[in-house]
1. Given H placed on each backbone N at 1.01 Å, which residues far from Gln16 in sequence or on other chains put an amide H within less than 5 Å of it?
2. How large is the charge dipole for region 9-73, taken about the Cα centre, if only the Cβ atoms of Lys, Arg (+1) and Asp, Glu (-1) carry charge, to the nearest 20 debye?
3. Shape of region 36-92 from its Cα gyration tensor (a ≥ b ≥ c, root eigenvalues): rounded if a/c is under 1.5, otherwise prolate when a/b > b/c, or oblate?
4. Lys and Arg at +1, Asp and Glu at -1: add these up for the other residues within a Cβ distance under 12 Å of Leu49 and post the number.
5. Mind ranking 66-74, 83-91 by how tightly packed they are, going by the mean number of other C-beta atoms within 10 angstrom, highest first?
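Please treat every number below as a calculation from the coordinates, not as lab data. Computed from a predicted structure; not experimentally measured. Cβ sites come from the backbone with ideal geometry, for glycine too, and all protein chains shown count toward neighbours.
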Amino acid sequence: MKHLLHLEKFMNVNYQVGSIDWSPIIQRMEPQGNCHLPAYPGDLKTVLLNHAGLAQHPQGEKAYQMAREIARLTTFSDAEITYWFSRIIELI
């Protein structure tokens, strides 16, 4: 649970963006590496697309790739990718 404190800077405390609750994904993340950045223990892309209901949507892949590109500018962690993905899909 301690690792969730690191995630608070990436998403609001209740992990709700629009109508989607991202807490099931965020809560599975664990700190990894020397920097202890949160990482999802599986295929983050598939989980995000399915959780958002965009697995078959033509813009789903583009939203995920854009989230990765934005996250690459800073920590490039799974938590940050999730944060940006959750914001980008609000525009779809």
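1. Trp22
2. Working: 6 positive and 5 negative charges, 28 e Å.
Around 140 debye, computed over region 9-73.
3. On the way: a/c = 2.25, a/b = 1.41, b/c = 1.60.
Since a/c reaches 1.5 but b/c is at least a/b, the shape of region 36-92 is classed as oblate.
4. Working: positive: Lys45, Lys62; negative: Asp43, Glu61.
Residues close to Leu49 contribute a combined charge of 0.
5. Numbers: 66-74: 14.9, 83-91: 19.2.
The most tightly packed comes first, giving 83-91, 66-74.
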